[in-house]
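Data block below; observations after.
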Amino acid sequence: MLILAKSILSITLGLVISIIVGLIILPILRKMNARQSVSKLINERHLKKNGTPTLGGLIFIIPPLLIVLLLCLRGSIVMNHNLLIVLLVFVAYGFLGFIDDYKKIKYRNNRGLPTLVKLFYQVLLAGVFTFIYVKNGGTTHLEVSLLGIDWDLGFGYALFVLFLLVATTNAVNITDGLDGLCGGLSAMAFLAYGVISFGSSWILGYESLAVFSFALVGSIIGFLLFNSHPAKVFMGDTGSLALGGALASIAILTHHEVSLALIGGVFVVETLSSLIQIIAIRKYHKKVFLKAPLHHHFEELGWEETDIVKVFWVTGFLLAMFGVIYGVWL
């Protein structure tokens, strides 16, 4: 019951604080004219979203940090290197996204940081995470308990961790294309990893990781009050990169890296659809999808934005729950 109470408290605090933060930040973003420029290459229905405030990721980035600080000061949770590394990744990737969003706002376009520059810093941050993780005794074993597989990848595990962080941050970023889509899917993913973290009692600071995950779930739900259709604010790269970094780092620290492919299944499919489209166009000069990533394909088919989001949410929720069953039970 204590675990359930802590989970509910974390979600509730995250929800309440994020609503308060949103009510404070949104007028400031409007006053600063921090508005998103929507590309004409996207479905024409998106053009009416041009000028919507961005940097909304701050609405769910700030509350978990405040909650962790508050609970640490009260002695309810203990700061340890596992929690600290998640917070550093969360903030660092969020800051990288903030710089990207700032450039978009400043120059009134949708380009931001050059792709290779952004990728370089993503790899750099992932490298720092990998170094700290391994230096603090992180295992180099990749386990698939359902199949009885336990591989010691040695140095290869560091490369795997680096790939997982970069791939996840970009996957979440790619999925952020419809009102509420990325936020809802992320909330479900962190809900799953909150449960998995509470069940990973052999890991240092497992309870702190769970509390952070649940606080982030509540914060994202609060953000969705402002981001659900029609969105009053976008999370921007500030939010999507922070979410991707935190999600991958918790998956690695709880040794449930393989579960991430299931829990974040919609993110994976969205990324694969973009990759398939790029390869098909460049190599075969043909399109597999009407438009990529996948959510834009459904838009081109005439689906309403809200219907696409609901279908993706349901799919994401089912995958997250299957991920919990696999990660905790199987």
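Just a few scattered comments:
The rows are residues; the columns are (1) under 14 Å from Leu241 (Cα atoms); (2) touching a strand residue (DSSP E or B) at 6+ places or on another chain (Cβ under 9 Å); (3) exposed (fewer than 14 other Cβ atoms within 10 Å of the Cβ); (4) not aromatic (Phe, Trp, Tyr).
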{"residue": "Met32", "(1), (2), (3), (4)": "no, yes, yes, yes"}
{"residue": "Leu58", "(1), (2), (3), (4)": "yes, no, no, yes"}
{"residue": "Pro63", "(1), (2), (3), (4)": "no, no, no, yes"}
{"residue": "Phe90", "(1), (2), (3), (4)": "yes, no, no, no"}
{"residue": "Phe129", "(1), (2), (3), (4)": "no, no, no, no"}
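- In the condition set (1) buried (at least 20 other Cβ atoms within 10 Å of the Cβ); (2) over 27 Å from Ser249 (Cβ atoms); (3) not basic (Lys, Arg), Glu300 is compliant with all but (1).
- Selection count where residues are out of contact with any helix residue (DSSP H, G or I) (no Cβ under 6 Å at 6 or more places or on another chain) and part of a loop (DSSP other than H, G, I, E, B), scope the range 57-85: 4
- Residues in the range 142-161 that are surrounded by 13 or more Cβ atoms within 10 Å (Cβ to Cβ) and touching a residue at least 40 places away in the same chain (Cβ under 8 Å) were compared, and the one that is farthest from Lys118 (Cα to Cα) is Ser145.
- Assessment of the range 271-291 against the conditions (in contact with a strand residue (DSSP E or B) (Cβ under 7 Å, 6 or more places away or on another chain), of a type in the set (Val, Ile, Thr) and either farther than 24 Å from Ile19 by Cβ or surrounded by fewer than 24 Cβ atoms within 10 Å (Cβ to Cβ) (or both)) yields no matching residue.
- Answer residue from the range 162-185, given it is closer than 20 Å to Ile276 by Cβ and among the small types (Gly, Ala, Ser) and is surrounded by the most Cβ atoms within 10 Å (Cβ to Cβ) among those: Ala171
- Boolean, Val217 is out of contact with any Leu (no Cβ under 8 Å at 6 or more places or on another chain) and part of a helix (DSSP H, G or I): no
- All conditions in (1) farther than 30 Å from Gly302 by Cβ; (2) in contact (Cβ under 8 Å) with a residue 40 or more places away in the chain; (3) surrounded by fewer than 21 Cβ atoms within 10 Å (Cβ to Cβ) hold for Leu23, with the sole exception of (2).
- Looking across the range 164-185, the residues that are small (Gly, Ala, Ser) and outside any loop (DSSP other than H, G, I, E, B) come down to Ala167, Ala171, Gly183, Gly184.
- Meets criteria (surrounded by fewer than 24 Cβ atoms within 10 Å (Cβ to Cβ), aliphatic (A, V, I, L, M) and either more than 23 Å from Thr52 (Cα to Cα) or under 12 Å from the mean Cα position of the chain (by Cα) (or both)) for Val217: no
- Candidates Phe226, Phe234, filtered to the one that is assigned to a helix (DSSP H, G or I), hydrophobic (A, V, I, L, M, F, W, C) and at pLDDT 95 or above: Phe226
- Residue count, the range 92-127 (criterion: acidic (Asp, Glu) and within 18 Å of Leu247 (Cα to Cα)): 0
- Among the criteria (1) over 25 Å from the mean Cα position of the chain (by Cα); (2) free of Cβ contacts under 8 Å to residues at least 12 places away in the same chain, the one Val314 does not fulfil is (1).
- The single condition from (1) surrounded by 22 or more Cβ atoms within 10 Å (Cβ to Cβ); (2) assigned to a helix (DSSP H, G or I) that Lys48 fails is (1).
- Subset of the range 103-113 [exposed (fewer than 11 other Cβ atoms within 10 Å of the Cβ) and at negative phi]: Lys106
- Within the range 306-322, if we keep just the residues that are surrounded by fewer than 21 Cβ atoms within 10 Å (Cβ to Cβ) and not aliphatic (A, V, I, L, M), the residue that is nearest to Val172 (Cα to Cα) turns out to be Trp313.
- The one condition in (1) surrounded by 15 or more Cβ atoms within 10 Å (Cβ to Cβ); (2) within 25 Å of Asp150 (Cα to Cα); (3) not acidic (Asp, Glu) that Ile325 fails to fulfil: (1)
- Residue in the range 93-151 that is nearest to the chain's Cα centre (by Cα), counting only those that are of a type in the set (Phe, Trp, Tyr) and at pLDDT below 90: Tyr133
- Criterion applied to Ser208, Ser186 was being of a type in the set (Gly, Ala, Ser) and farther than 22 Å from Phe312 by Cβ, and the one residue passing it is Ser208.
The values are calculated or read from the model by the stated rules, or taken from the named source; none is laboratory data. Every value quoted in this text rests on a predicted model; they were computed, and no experiment measured them. Glycine gets a Cβ as well: all are built from the backbone with ideal geometry, and neighbour counts include every protein chain shown.
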